[in-house]
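Reading through the structure tokens given below for one structure.
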Amino acid sequence: DNNNGDVLVQYVVLRRDLIDAWPLGSVVTQGCHASVSAIWSHKDDPHTLQYCSPQNINSMHKVTLEVKGETQIVNLSEKLNAGGIAHKLWIEQPENIPTCLATKPYPKSTVSLVFKKLKLCK
């Protein structure tokens, strides 16, 4: 249980180049795809179960960050893989474009350092 106040958070990382070039709805849709996929792929994980529990479902915490473009999102995914941080890199089909990624829910203290250098998406 999170008695120490360490909030469960899902990180979503979008590409700034797509935010600038695509309609807003398309970019939001990509983030939703990655988020749902990361949650469903780890639906039996204790943190995911807690994040989606009836007492928490209406107060989910997400942090939405941005990277510059395709190279940066792929590099971030590889860095997360190397660090054992479960996530989904969403590849939009049929174009085969890596558009964004989302982690499974984690206690913020566990993963916040990895994302420290990224900008909040505004």
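Every number here is computed from the coordinates shown, using simple stated rules; none is lab data. All of these numbers come straight from a predicted model, not from anything done at the bench. Cβ sites come from the backbone with ideal geometry, for glycine too, and all protein chains shown count toward neighbours.
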Quiz item: So how tilted is helix 70-82 from the main axis of the chain? Cα-based, degrees 0 to 90, rounded to 10.
Solution: 30 degrees
Quiz item: In nm, to one decimal, how far is the residue 92 label point from the residue 78 one, both placed 7 Å along Cα→Cβ?
Solution: 2.3 nm
Quiz item: Among the lysines, which fall within straight-line cross-link reach of residue 122, defined as a Cα-Cα distance under 19 Å, with same-chain neighbours fewer than 8 residues apart omitted?
Solution: 62, 68
Quiz prompt | Angle between the chain longest axis and helix 24-41 axis [Cα atoms, degrees, rounded to 10] | solution = 40 degrees
Quiz item: What spacing in nm lies between the two simple spin-label points modelled at residue 59 and residue 26, each 7 Å away from Cα in the Cβ direction?
Solution: 3.8 nm
Quiz item: Among (i) 42, 26, 25; (ii) 33, 32, 26; (iii) 37, 29, 27, which one is Cα extents along the principal axes in Å computed from these coordinates?
Solution: (i)
